[in-house]
Amino acid sequence: MATLAYTPVDEIEKIQAELRAGFNSGKTKSVAYRKYQLLQLAYLVQDNAKAFEQALAQDLGRHAQESHFLEINSSIGEIMDAYKNVETWAKPERPARSVNFMFMNPVTYKEPKGVVLIISPFNYPMWLCFSPLAGAIAAGNAVVVKPSEACPAVATLLEELLPKYIDRSLIRVVNGAVPETTKLLELPWDHILYTGSGRVGKIVAAAAAKHLTPVSLELGGKSPVFVDPASDMQLAARRILWGKSTNAGQTCVAPDYVLVPRASQDKFVEALKTAYASFYPEATTTSKDMTKMVNQQAFKRVNGLLQNTKGTLVVGGETDEAQKYIAPTIVKDVKGDDSLMSEEIFGPILPIVPVDDLDAGIAYVNAHDHPLALYVFSQDEAYKSKVFGNTQSGSAVANETIISPAVTGLPFGGIGASGSGYHTGKYGFLMFTHLRASIDTPGWIDKLLGFRFPPYSQSKLDK
Ligand code: NAD
């Protein structure tokens, strides 16, 4: 495990002051300047793809294929989307013409918020730094990025590379754990984007409230999957198992549990077993394809949930504490009060919760916090509409898992306990942008609107 040099706490205020001076210089007002920084950011990722691949392997024991698909390529994609579109996004907008106000020249300017803070989690330590950074830079802000200390190799690489490619007076990395983040949170910012657990999200929101700092919270939760018994079960099984085992289930939008009508549970389990055998033809204790739990604490937590389940083990269940390894595991006949249903699993264990019917599944979901993602596997439009139309969630996804945050043009964010705000593409740009309303009223308008001035009279009111 790499050791991470933490930023001295007493330097943090100075770093913010330097960024404030950089922002106040006005250079980020230029869209050309922002585009140059974005291009540099894309080169940073491209030139150092191998180093990121190795750092991700070191921190998460992750296979290179997963890292390229999930983080390296999608980081470049997100940055280049901002690079290509920032001119359009940043253009002032005129509202639809209204007879009453059109001569006042109404316009909305898109202005940077100022100096912003991005706090990132461990599970996608690259993408969840670069994706919000792209939006913050495109919008013309100065930024502090606080990577997760749980991925020291990636955090070290970010601190080493960012100043080589990006204007140091505008982007800085602060590394550290709770004391360093607490210090950051004591300072006033113009926006804070926090991605991570709801528990820490509350700490961040409370600290931000002291300065009336606007906050976006990208949190997690238990994302359910509805499986229509009449659907293509092989397709559902493959995609659900992939979404659950990728990154060892440490994905904020990982399918957390499956709701399936009781009478069809075994049919679905058979489809999962087939998918499992094709993904993991060798013993899963030795699978080189499986990412590891990020640390011993995470291993112990997820293993504890597994050891305490009262469900029936279908396949998997092997663990190796020294390697922080948990095999992809399927558990059936899981009830609502089971350990596996007590919190977001954030590990490669898939509980199957049999329900009487679709209505019972919908009622179960609605009795809990709004999830970050909600999945339905069905080829029947009425089935999908019924699920989506009677639930609330950050995203509503049919016949797919985990990919939607990377789909260009779609917002990515939660609702209720799964968060607030959106940090991808144009929505990320808007999160870090102040919409500055403006009018410029010519003098002759008083010929039309002079009646507004005192002295007031009944005759003016009657006009
Ligand atoms: P975490 O909350 O433990 O840590 C995230 C960040 O908060 C880290 O940078 C950490 O240093 C900081 N932090 C931790 N404790 C703190 C404290 N007491 N005070 C101030 N800062 C503190 O989260 P995690 O374990 O890294 O990430 C897992 C969670 O993140 C899961 O719940 C997952 O669903 C969620 N998540 C959400 C999204 C999304 O976009 N919605 C994406 C990825 C992960």
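Every number in this text was worked out from the coordinates using simple rules, so none of it is lab data. All figures in this text were calculated on a predicted structure; none of them were measured in a lab. Glycine gets a Cβ as well: all are built from the backbone with ideal geometry, and neighbour counts include every protein chain shown.
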**OP:** Find the Cα radius of gyration of region 226-290, compare it with 2.2 N^0.38 Å by division, and give the number to two decimals.
**Re:** 1.15
Original post:
In what order do 242, 444, 127 fall by count of nearby beta-carbon atoms within 10 Å, going from fewest to most?
Top reply: 444, 242, 127
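Just check region 120-166 against the gyration tensor rule for me: Cα atoms, a ≥ b ≥ c as the square roots of the eigenvalues, rounded for a/c under 1.5, and otherwise prolate or oblate depending on whether a/b exceeds b/c. Mind showing how you got there, number by number?
Values: a/c = 2.37, a/b = 1.43, b/c = 1.66.
In terms of gyration-tensor shape, oblate.
Starting from the Cα-Cα distance between residue 64 and residue 279, subtract it from 0.36 nm times their residue separation and give me the gain in nm to one decimal. Let's see the in-between values first.
Working: separation 215, 0.36 × 215 = 77.40 nm, distance 1.65 nm.
The residue 64-residue 279 span can extend by a further 75.7 nm.
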Subject >> For the chain: Kirkwood Rh in Å [reciprocal of mean 1/r, alpha carbons] >> reply: 23.9
**OP:** Using R₀ = 41 Å, calculate the FRET efficiency as 1/(1 + (r/R₀)^6) where r is the Cβ-Cβ separation of residue 3 and residue 357; round to 0.05.
**Re:** 0.15
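Give me the Kirkwood hydrodynamic radius of region 396-459, using the inverse of the mean 1/r over all pairs of distinct Cα atoms, in Å to one decimal. Display every interim value, and only then the final one.
Values: mean 1/r = 0.0602 Å⁻¹.
Final number for the Kirkwood radius of region 396-459 is 16.6 Å.
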Original post:
Once the Cα atoms of helix 12-24 and of the chain are each reduced to a long axis, what angle between those two axes, in degrees from 0 to 90 to the nearest 10, is obtained?
Top reply: 50
**OP:** With 10 Å bins from zero, work out the P(r) of region 137-247 over every alpha carbon pair and list the percent per bin.
**Re:** 11, 32, 27, 17, 11, 2
Original post:
Roughly how many nanometres apart are two label points built 7 Å out from the Cα toward the Cβ at residue 31 and residue 439?
Top reply: 2.6
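Beyond 18 Å, how much of the Cα-Cα pair distribution for region 225-370 remains, as a whole percent? Don't skip to the answer; put the middle values down first.
On the way: 5581 of 10585 pairs.
More than 18 Å apart: 53 percent of the Cα pairs in region 225-370.
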Subject >> region 384-428: radius of gyration and largest Cα-Cα distance (Dmax), Å >> reply: 11.2, 30
**OP:** For each pair in 183/292; 244/426; 244/335; 113/183; 14/164, compute the distance between the two Cα atoms and list the pairs where it is over 24 Å.
**Re:** 183/292; 244/426
Subject >> Calculated P(r) of region 76-161 - Cα pairs past 15 Å, % >> reply: 66
Original post:
By per-residue mean of other Cβ atoms within 10 Å, what is the highest-first order of 174-181, 214-221?
Top reply: 214-221, 174-181
